[in-house]
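Accompanying notes for the structure given below.
All of the numbers you see were taken from the coordinates with simple rules; none came from a lab. Model, not experiment: these values are computed from the prediction. Cβ placement follows ideal geometry from the backbone for every residue including glycine, while neighbour counts extend to all protein chains displayed.
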Amino acid sequence: MNALASAQTTQPAADSQSTASQTTSPAPPAKPVKQSAVAAAASASKQARDSASPIKVIRNRDLNDGSNPPDAAKSESKSSDVEQSAAQAKETQEEEQKTRQFETQGKVFQNQIKVQKGKIIGIQNHMTSLKKQFDAWSTSFSQDSDAPACWTSTYYTPYYKSWCDTGRNLKAQYDAAQTQLVQEKTRLEEMQESIRRKGYGNTVYDPD
């Protein structure tokens, strides 16, 4: 009895060891899962992006080769602006000065034309006066048939000389004034043309 009990008692222990041996034995390795072509391509693309150098955005200031530092470039730009402004101011001042000189000279020309016109008017008035005097002298001797002798060689005779002097002098003065009038009118036209060619309007070369 004791031997049988001992045998039965030891039997479960053997069975337990067998079971434990079966439990602790390693499991067979799992079969690897094959990646699809799409997944492989996506993985390769990600790896390429990760390994690539970052893209650098190049700006205008990055193109500076270092020969002109930013501060120096700004200083040169500011200096250039100042020089340009000074040049424009100088040009404007010169234009204003030329305009003032042009206007001043225009007034001088205008006065010269007025003086010349006044001279012509004076000659014309003098000729009018001479003509009236000569007409009066001619009328006083209109009844004398010998009056035309004042413009012939007979004038030099003692009788006619004293009588004809007044009429002859008036006629000579009138003829001289008429010649002077033609000359002064020609001069006026030349002055006006010269002034017009200098760029002045009729208010300067033909004032009232």
Total formal charge among the other residues, if their Cβ is under 14 angstrom from that of S129, Lys/Arg +1 and Asp/Glu -1: +2
Spin-label pair Q183/S129, simplified geometry with 7 Å Cα→Cβ offset, distance in nm: 2.0 nm
Taking the Cβ of V108 as the centre, find all other residues whose Cβ is under 12 Å away and add up their charges (Lys, Arg: +1; Asp, Glu: -1). +2
